[in-house]
Amino acid sequence: MSNYERNNTMVACIIAVIVIGAIVVGALAWFGTAHWNWTGTNWQDTTEFTFEREPTTMPELTTVNISIDAGAVRVMFVEDNALLYRIDMEVPNNTIQQYGLPTVDYASGFITLDYPAAAVNVTLGSGSNYTMDLNVASGGCQVAINEYAHIGNVDITATTGGIELTLSDDAILYGDDVHFVAETTTGGIQMNVALPNSVGGRFTASTTIGGVDIVANGWSGVDGNIYETSDYNSASQTLTISATATMGGVQATLS
């Protein structure tokens with residue numbers, strides 16, 4: 001008779017590491033090149049598309065809405081006041097045959113992309129403020145908010161997959177009460193948050209089956225996996241971050 005007892009927390013943590021490593025790092029590692037490194041048979045024959053917009057008048061606020069059934073989405077910012085967006089996509093040819101060519105729509109400050117399967121690289125400029133709603137049913141999302149970003153609310157959902165979000169302390173937040181929300185049903189979430197000066201921060205992590213690993217520098221634990229900066233309740237501008245993994249893990253570094 002075996003005395004083995006399954007450790008569900010450990011299993012979920014292993015799943016989270018696999019998802020973060022394989023999906024986020026592998027599928028989303030497209031630093032400056034024009035190709036994703038897909039290895040699945042359905043991705044061997046692909047076609048590349050580019051959609052770009054440089055409006056005469058830059059809108060004050062732009063909302064990025066992206067929904068992909070299978071694949072990956074990567075968002076980054078560049079120093080370019082004239083660029084509203086550039087979206088590079090790599091699409092399986094069999095998906096094109098079945099669903100037609102992908103399109104990116106822009107109207108009234110909303111950028112919209114809804115497509116069954118693609119690897120998507122989104123480049124945003126520094127001349128507009130942005131909010132985001134990113135949804136990937138199966139795959140991964142990576143968002144790098146750097147010194148060129150003017151960013152408001154961010155909502156990321158990966159039903160089965162990984163999420164990676166990085167915030168630089170020299171990014172500019174848009175709005176008095178900004179919210180970042182990351183949710184995955186089966187997968188992992190990794191965050192590296194460097195809070196801009198004079199911004200109060202609150203971070204909440206939760207898992208149903210899984211583990212939470214938080215390194216907090218200058219943030220204090222207030223209850224369970226909830227951390228706050230000392231000025232969260234008094235700062236004129238706040239950032240509230242929520243990371244939820246139903247079955248998986250959350251890793252975060254806060255500073």
- Query: List, please: which pairs have Cβ atoms under 7 Å, are six or more places apart or on different chains, and start with a residue in region 180-205 that is in contact (Cβ under 8 Å) with a residue 60 or more places away in the chain and end with one that is acidic (Asp, Glu)?
  - Reply: Val181/Asp155; Gln190/Glu164; Ala194/Asp169; Leu195/Asp169
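When region 216-245 is examined, which residues are found to be β-branched (Val, Ile, Thr) and either at pLDDT 95 or above or open to solvent by less than 60 Å² (accessible area, probe 1.4 Å) (or both)? Quick ask: steps written out before the conclusion?
Here is the first cut: in region 216-245, the ones β-branched (Val, Ile, Thr) are 222, 226, 229, 238, 240-241, 244.
Scanning region 216-245 gives Ile226, Thr229, Thr238, Thr240, Ile241, Thr244.
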- Message: Please go through region 193-213 and give me each residue that is open to solvent by 30 Å² or more (accessible area, probe 1.4 Å) and either on the phi < 0 side of the Ramachandran plot or under 18 Å from the mean Cα position of the chain (by Cα) (or both), ordered by number.
- Response: Asn197, Arg202, Thr204, Ser206, Thr207, Thr208, Ile209, Val212, Asp213
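Every residue, every condition in (1) of a type outside the set (S, T, N, Q); (2) touching a Phe, Trp or Tyr at 6+ places or on another chain (Cβ under 6 Å); (3) part of a strand (DSSP E or B), yes or no:
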residue: Asp133; (1), (2), (3): yes, no, yes
residue: Val154; (1), (2), (3): yes, yes, yes
residue: Thr157; (1), (2), (3): no, no, yes
residue: Gly175; (1), (2), (3): yes, no, no
residue: Ala182; (1), (2), (3): yes, no, yes
residue: Gly188; (1), (2), (3): yes, no, yes
residue: Pro196; (1), (2), (3): yes, no, no
residue: Gly221; (1), (2), (3): yes, yes, yes
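To keep it simple, each residue is scored yes or no on (1) open to solvent by 50 Å² or more (accessible area, probe 1.4 Å); (2) modelled with pLDDT of 95 or more; (3) in contact with a strand residue (DSSP E or B) (Cβ under 7 Å, 6 or more places away or on another chain); (4) not hydrophobic (A, V, I, L, M, F, W, C).
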residue	(1), (2), (3), (4)
Tyr4	yes, no, no, yes
Val19	no, no, yes, no
Ala27	no, no, yes, no
Asn37	yes, no, no, yes
Thr46	no, no, yes, yes
Asp69	yes, yes, yes, yes
Met89	no, yes, yes, no
Asn94	yes, no, no, yes
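Just to be sure before I move on: is Gly218 touching a residue at least 24 places away in the same chain (Cβ under 8 Å) and in contact with a helix residue (DSSP H, G or I) (Cβ under 9 Å, 6 or more places away or on another chain) in the structure I sent?
No.
The values are calculated or read from the model by the stated rules, or taken from the named source; none is laboratory data. On a predicted model such as this, the values are computed, not experimentally measured, just so you know. Here Cβ is always computed from backbone atoms with ideal geometry, including for glycine, and neighbour counts include all displayed protein chains. Each accessible area value is taken on the protein alone, full model and side chains, heavy atoms only, with ligands, DNA and RNA left out. Shrake-Rupley method; radii C 1.70, N 1.55, O 1.52, S 1.80 Å.
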